[in-house]
Amino acid sequence: MLSPVTVVGGAGRTGELVVRRLLSAGAEARVASRSASHARELVAAGAKAFTVDVRDGSGLAEALAGARAVVYSVEPGTDNSGPNRPETTMYQGVRRVLELCPPDLHRFVLISSIYVTHPEHQFNEWGRLLDWRLRGEDAVRASGLPYTVIRPSWLIQRHGKGKAAVRLEQGDQGDGQITRDDVAEACVQAIELPQAVGLTFEMYNDSGTAPDGWGPLFDALAKDDVLTH
Ligand SMILES: NC(=O)c1ccc[n+]([C@@H]2O[C@H](COP(=O)([O-])OP(=O)(O)OC[C@H]3O[C@@H](n4cnc5c(N)ncnc54)[C@H](OP(=O)(O)O)[C@@H]3O)[C@@H](O)[C@H]2O)c1
């Protein structure tokens with residue numbers, strides 16, 4: 001496994017699952033969080049904690065120095081103005097992290113959301129949340145870095161009965177649920193598998209069993225246009 005990997009938002013619910021997978025794979029996992037105390041259990045498990053704030057960029061340079069991969073899993077604020085508006089975390093924060101990534105970064109994985117291409121959706125009533133998320137995605141796609149953009153559907157903690165299959169879609173037309181575990185696994189697979197580069201996709205759980213391997217799931221998707229222009 002590539003190392004070190006910086007997980008921005010690594011003390012959050014999905015971020016922690018990514019960090020634990022990285023540690024299990026023997027990687028150096030860096031947890032970037034607004035308070036090192038949020039990462040206490042992960043530090044006990046072997047992770048390194050960095051105090052950062054993507055809204056003003058503090059601490060990011062240290063957390064990203066020498067990183068081989070970055071996962072961005074930050075929850076947006078939902079205010080209409082002030083520091084906790086979505087623009088600061090979903091767009092400006094993404095751009096700050098992109099600017100500080102080493103030029104030879106192996107993978108940038110952004111956790112975004114379904115609905116980002118639906119400006120009329122009610123989520124946009126919270127500080128134009130979806131619009132800023134889409135602008136953050138666009139910044140990643142335009143960065144020139146090898147990236148994967150993951151758009152989870154509604155996040156849940158456990159699979160519904162018999163619903164362990166994972167469906168990846170493109171076009172942002174669906175609705176459904178996906179476990180945080182599956183999203184975390186997608187992040188790690190996206191770091192490892194070359195066919196994940198240049199993909200933007202939505203994630204849903206379906207009836208059936210967990211994927212045997214993620215290569216065929218990524219292979220079935222179309223690369224983003226930005227790479228072919
Ligand atoms: N909930 C859903 O149904 C849903 C659906 C689709 C997509 N998503 C997205 O999926 C991602 C993961 O969701 P989750 O529920 O696992 O998230 P979560 O548990 O809320 O964790 C997100 C983390 O973001 C960090 N964060 C917030 N502001 C920050 C800042 N200014 N600087 C640095 N870190 C900051 C927080 O860490 P600290 O407090 O330690 O700083 C928090 O632990 C999020 O982007 C979420 O919006 C969620």
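All of the numbers you see were taken from the coordinates with simple rules; none came from a lab. Just so it is clear, the model here is predicted, and its values are computed rather than measured. Here Cβ is always computed from backbone atoms with ideal geometry, including for glycine, and neighbour counts include all displayed protein chains.
Short version: what are the Cα gyration tensor semi-axes of the range 99-229, square root of 5 times each eigenvalue, largest first, in whole Å?
Taking √(5λ) for each Cα gyration eigenvalue gives 23, 20, 12 Å.
Filter the GluC sites (Glu not before Pro) in the range 84-121 to those in DSSP coil with at most 16 other Cβ atoms within 10 Å of their Cβ, and list the result.
For GluC sites (Glu not before Pro) across the range 84-121 that sit outside H, G, I, E and B with at most 16 neighbouring Cβ atoms in 10 Å, the list reads GLU120.
Sort THR78, THR88, THR209 by Cβ crowding within 10 Å, fewest neighbours at the top.
The order, fewest Cβ neighbours first, is THR209, THR78, THR88.
I need the fraction of alpha carbon pairs in the range 1-128 separated by more than 25 Å, rounded to a whole percent.
Details: 1912 of 8128 pairs.
Counting pairs separated by more than 25 Å, the tail of P(r) holds 24 percent.
Report the FRET efficiency, 1/(1 + (r/R0)^6), for VAL226 and GLU41, where r is their Cβ-Cβ distance and R0 is 45 Å, rounded to 0.05. Kindly include the intermediate steps, with their values, before the conclusion.
On the way: r = 38 Å, r/R0 = 0.85.
Working from the Cβ atoms, E equals 0.75.
Between GLU99 and ALA165, what length comes free when the chain is fully extended (0.36 nm per residue of separation minus the Cα-Cα distance, one decimal in nm)?
Numbers: separation 66, 0.36 × 66 = 23.76 nm, distance 3.60 nm.
In short, 20.2 nm is gained.
Mind listing P(r) for the range 6-78? All alpha-carbon pairs, 10 Å bins, whole percents.
Over the range 6-78, the share of Cα pairs per 10 Å bin runs 23, 60, 17, 1 percent.
Percent antiparallel among DSSP beta bridges with both residues in the chain, to the nearest 5?
If I count the DSSP bridges inside the chain, around 15 percent turn out antiparallel.
Evaluate the Kirkwood expression for the hydrodynamic radius of the chain, namely the inverse of the mean inverse distance over all pairs of different C-alpha atoms, and round to one decimal in Å.
Computed over Cα pairs of the chain, the Kirkwood hydrodynamic radius comes out at 17.5 Å.
Anything in the chain that counts as a DSSP H helix reaching 15 Å or more along its axis (C-alpha) with Kyte-Doolittle mean of at least 0.0? List them, would you? Don't skip to the answer; put the middle values down first.
Working: long enough: 13-24 (17 Å, 0.08); 129-141 (18 Å, -0.61); 180-192 (18 Å, -0.09).
Once both thresholds are applied, what remains is 13-24.
To the nearest 20 debye, what is the magnitude of the charge dipole of the chain about its Cα centre, counting +1 on the Cβ of each Lys and Arg and -1 on the Cβ of each Asp and Glu? Display every interim value, and only then the final one.
Details: 24 positive and 29 negative charges, 117 e Å.
Roughly 560 debye, rounded to the nearest 20.
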